[in-house]
Structures are given as C-alpha cells and as structure tokens.
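To start, the structure under review is shown below, and the notes come after it.
The values are calculated or read from the model by the stated rules, or taken from the named source; none is laboratory data. Since the model is a prediction, treat every value here as computed from it, not as a measurement. Here the Cβ is made from the backbone with ideal geometry for all residues, glycine too, and neighbour counts use every protein chain on show.
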Amino acid sequence: MLKAKDLPDALALFPLPGALLLPRAKLPLHLFEPRYLSMLEDCMATPHRLIGMIQPRPTPAGAGDRLHAIGCAGRLTAMSETEDGRYMITLTGISRFRLSAELPADGLPYRRGRPAWGGFERDLGPVEHDTAFDREPFLDLLARYFEAVSLSTEWDSLKDAEDELLINALSMLCPFPPEERQALLEAPSLTTRRETLVTLMQFALRAPGETGGTLQ
C-alpha cells in the first residue's frame, strides 16, 4: 500500500465526465485514444503507477475546458490488451487530491496536474466504518430506487457487504449525473457519503426520466 511519502508531486490527469473513483474501490476503464495510451505507457514507467481521475467542470460555451478542484488518484492494478491494440485496465483508488494547478504539457498529449494531498489523510488509512448506518431502512430505500430506475442486483450480497464496500460501490455504480457524483466524491467521511447517497436516491424517486441498467 502506498504511503503519504510515496505520493507524487505531479500526476497524469484523466478527465472523464461521470467517472467516479473512491479510495480502496476499483474502477474498470477502456483506453483506446492515442493520448491515453501514451498516458498509460508513461504511468507504467513510474514507481507509483498513479493516474488522477477527475471530472470536467460544466462551463459556458467558450469558457475553456476547466476541471473540478477535487479528483481521486488510482493505482494501475490490472491491465489486458485487446487484439486491436486497446487496453482494459483497472484502477484501485488510493487517495483523493485537490488540483492546485495544471502543469505545462511539455510535449505530452495528455493533461497533468500538481496534486495537493493534504486533508485526505483518511484515504490512506484503514477501511472506514459508518457507526450511524441503519442498514434496514437504507436497503428499503435502495430497493425502491432500484425499482424506479430499473436496476437489479444480488440482494444477499448487499446485505452482507461491509459498510464502506456497500456505500462506495453504490456511489460509483448508481446512474447519478456527474455533478451528483462529484458531491459523493467530495463527502469528507463515509457517513456523509452515505447521507449524500440517501438524499440523491430520495431526490431521484421524485424525478422522472431515469435510465435503467444492471448493477453487478
């Protein structure tokens, strides 16, 4: 496991709307654009193998391509190549960061930034627990939300999952809009993330037009 002293001063950035990575969670990605294949190659040459997942910030037309202030660095933990030269990779969340500045491209085709790691020390610590988590009403709400958005899952596995695994997996996989995913990322603790998740599900139950899918 990476320690605070191992975290880099510069980080490759992967701006991807709607992609949420949380500490200790896993995010599968499909890389095929040349700039991100170059990013992957450079990432593999570093000792930390970190990529910064960060969402673009909605801006008016012509205002430039801005990024949110907070992202999450993921360590490359799995990779496979397809026959046509694309890559399926898995990032494991290590720590959130605050983007203090974007760095000059220096001829690279992808974006880079200077991360500030302070304030996210708990991300490098042990698995979090939510001592105020009342699982039964949460799962009742979740069942109504899944029905409303046509999601399905294995309920037995959800009932037995640890607090952090359950809350973070749902935060990453439920079909919330990008700005709501950003709110889940920025939640300072597992308890506040669960409270945010509950609020978003309650709001979605009152909002028509949600899309469906399958939660594995």
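Hey, which of the strands (runs of 3 or more DSSP E) in the range 1-105, taking only ones fully inside, have at least 1 residues that are polar (S, T, N, Q)? Full working, then the answer.
Values: elements: 11-15, 26-31, 50-54, 70-81, 87-102.
Hits in the range 1-105: 70-81, 87-102.
Name the residue that is surrounded by the most Cβ atoms within 10 Å (Cβ to Cβ), counting only residues in the range 1-18 that are among the aliphatic types (A, V, I, L, M) and farther than 19 Å from SER38 by Cβ. It would help to see each step written out before you state the result.
Filtering the range 1-18 down to residues among the aliphatic types (A, V, I, L, M) leaves 1-2, 4, 7, 10-13, 16.
Imposing the further condition that a residue be farther than 19 Å from SER38 by Cβ reduces the set to 1-2, 4, 7.
On the way: MET1: 9, LEU2: 16, ALA4: 12, LEU7: 18.
Only one residue tops the list, namely LEU7.
If you check GLY52 against the conditions, is it surrounded by 16 or more Cβ atoms within 10 Å (Cβ to Cβ), in contact with a helix residue (DSSP H, G or I) (Cβ under 9 Å, 6 or more places away or on another chain), under 25 Å from THR192 (Cα atoms) and touching a residue at least 12 places away in the same chain (Cβ under 8 Å)?
Values: surrounded by 16 or more Cβ atoms within 10 Å (Cβ to Cβ): yes; in contact with a helix residue (DSSP H, G or I) (Cβ under 9 Å, 6 or more places away or on another chain): no; under 25 Å from THR192 (Cα atoms): yes; touching a residue at least 12 places away in the same chain (Cβ under 8 Å): yes.
Considered against the rule, which asks whether it is surrounded by 16 or more Cβ atoms within 10 Å (Cβ to Cβ), in contact with a helix residue (DSSP H, G or I) (Cβ under 9 Å, 6 or more places away or on another chain), under 25 Å from THR192 (Cα atoms) and touching a residue at least 12 places away in the same chain (Cβ under 8 Å), GLY52 comes out as no.
Please list, ordered by first then second residue, the pairs with beta carbon atoms under 7 Å, 6 or more apart or interchain, first in the range 82-111 and in the same structural domain as LEU27 (by TED's automatic domain parsing), second among the aromatic types (Phe, Trp, Tyr).
That search, which allows pairs on different chains as well, returns ARG86/PHE32; SER95/TRP117; SER95/PHE120; ARG96/PHE120; PHE97/TRP117; PHE97/PHE120; TYR110/TYR36.
Give me the pairs, please: first residue somewhere in the range 190-216 and at pLDDT below 65, second residue anywhere and not aliphatic (A, V, I, L, M), beta-carbon distance under 7 Å, and either six or more positions apart or on two chains.
GLU210/PRO175; THR211/PRO175; GLY212/SER150; GLY213/PRO175; THR214/SER152; LEU215/SER152; LEU215/THR153
Applying the selection to the range 68-91, what residues are surrounded by fewer than 20 Cβ atoms within 10 Å (Cβ to Cβ) and of a type outside the set (A, V, I, L, M)?
If we filter the range 68-91 for residues that are surrounded by fewer than 20 Cβ atoms within 10 Å (Cβ to Cβ), which is where we start, we get 68-70, 75-88, 90.
If the condition is that a residue be surrounded by fewer than 20 Cβ atoms within 10 Å (Cβ to Cβ) and of a type outside the set (A, V, I, L, M), then HIS68, ARG75, THR77, SER80, GLU81, THR82, GLU83, ASP84, GLY85, ARG86, TYR87, THR90 are the ones that fit.
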